[in-house]
Amino acid sequence: MEHYERHCLPPKRHLNCLIPPPTGYKFKKPVLLVGPVVPEPPTDHLEEKWAKWLDKFEANSVIYCSFGSETFLTDDQINELALGLELTGLPFFMVLNFPANVDVSAVLKRTLPRGFLERVEGKGIIHTGWVQQQQILAHKSVGYYLCHAGFSSVIEAIVNDCQLVMLPQKGDQSLNSKLVHGDLKAGVEVNRSDEDGFFGREDIKSAVETLVDKEPGKSIRANQKKWKEFLLNKDIQNNFIKTLVEEMEAIAGISSI
């Protein structure tokens with residue numbers, strides 16, 4: 001543990017300390033910090049049809065929902081997620097992805113609640129496939145990001161002032177979500193069953209409402225703003241690289257020229 005602490009500052013100070021202490025300690029190897037790396041702002045404009053649709057809504061009112069290109073939700077998850085978004089009463093842009101050999105139209109017809117598309121017409125979009133995620137998150141009307149808590153998605157949400165509603169699916173996503181929700185208090189994790197991980201429509205609605213309400217939403221937004229300032233601080237970002245180089249040189253036993 002002491003070895004780990006020498007090489008990795010506490011999570012409250014650095015968002016990228018996501019390696020559990022035993023990793024470095026067990027193998028007696030230093031844990032080197034390499035980030036977090038903040039993506040450069042996109043240079044191309046958001047596709048016109050999406051820009052026009054988002055322009056219809058008030059600032060920070062739209063929920064953008066996406067779980068990345070490698071996560072495929074089950075029928076039940078799609079059904080509950082759709083109903084949960086509808087229950088929030090907010091406009092939403094939901095992106096779903098499916099394996100290459102799947103008949104997407106058939107799946108949506110089977111999984112979406114009866115009458116759902118008619119009820120949300122004009123204020124809800126169901127899209128399958130790739131979208132310009134950074135540009136969507138940067139749009140003034142998008143205020144919430146319901147996602148799988150992939151590390152890149154968390155960073156993109158924070159730097160674009162999108163409040164995080166996290167529904168982790170696999171890999172390091174649960175750890176990322178616990179860090180942001182529990183330690184940094186800069187987002188909300190959707191409640192799930194301890195027995196089988198099930199989440200329902202009311203869990204989606206409740207998580208979003210937590211951010212909409214004055215409290216604790218106000219304090220969560222303040223915390224997220226603090227971490228946005230941290231992530232966009234050029235001096236801090238440059239220092240990550242400088243420190244990494246110095247530590248690698250120290251390990252190799254060489255000096256900077």
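The values are calculated or read from the model by the stated rules, or taken from the named source; none is laboratory data. Nothing here was measured: the structure is a model prediction, and the numbers come from that model. Cβ sites come from the backbone with ideal geometry, for glycine too, and all protein chains shown count toward neighbours.
Of the candidates LEU32, LEU73, the single residue that is in contact with a helix residue (DSSP H, G or I) (Cβ under 9 Å, 6 or more places away or on another chain), closer than 30 Å to GLU246 by Cβ and not small (Gly, Ala, Ser) is LEU32.
Within segment 220-247, residues that are surrounded by 12 or more Cβ atoms within 10 Å (Cβ to Cβ) have Cβ atoms under 9 Å from residues that are among the aromatic types (Phe, Trp, Tyr) in these pairs: ILE236/PHE230, counting only partners at least 6 apart in sequence or on another chain.
State all residues of segment 161-191 that are in a loop (DSSP other than H, G, I, E, B), within 21 Å of GLY217 (Cβ to Cβ) and in contact (Cβ under 8 Å) with a residue 24 or more places away in the chain; if no residue qualifies, say none. Passing the criteria: ASP161, CYS162, LEU167, LEU184, LYS185, ALA186, VAL190. The residue that is surrounded by the fewest Cβ atoms within 10 Å (Cβ to Cβ), among those in segment 65-80 that are part of a helix (DSSP H, G or I) and out of contact with any Lys or Arg (no Cβ under 8 Å at 6 or more places or on another chain), is ASP76. Candidates VAL62, VAL95, VAL37, VAL120: the one that is surrounded by 11 or more Cβ atoms within 10 Å (Cβ to Cβ) and modelled with pLDDT under 95 is VAL37. In segment 197-220, is there at least one residue being hydrophobic (A, V, I, L, M, F, W, C), assigned to a loop (DSSP other than H, G, I, E, B), under 11 Å from GLN163 (Cβ atoms) and at pLDDT 95 or above? No, segment 197-220 contains no residue that is hydrophobic (A, V, I, L, M, F, W, C), assigned to a loop (DSSP other than H, G, I, E, B), under 11 Å from GLN163 (Cβ atoms) and at pLDDT 95 or above.
Condition check ((1) among the hydrophobic types (A, V, I, L, M, F, W, C); (2) modelled with pLDDT of 95 or more; (3) touching a strand residue (DSSP E or B) at 6+ places or on another chain (Cβ under 7 Å)) across all residues:
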| site | (1), (2), (3) |
| --- | --- |
| SER69 | no, no, no |
| LEU85 | yes, yes, yes |
| PRO91 | no, yes, yes |
| ALA100 | yes, no, no |
| ARG110 | no, no, no |
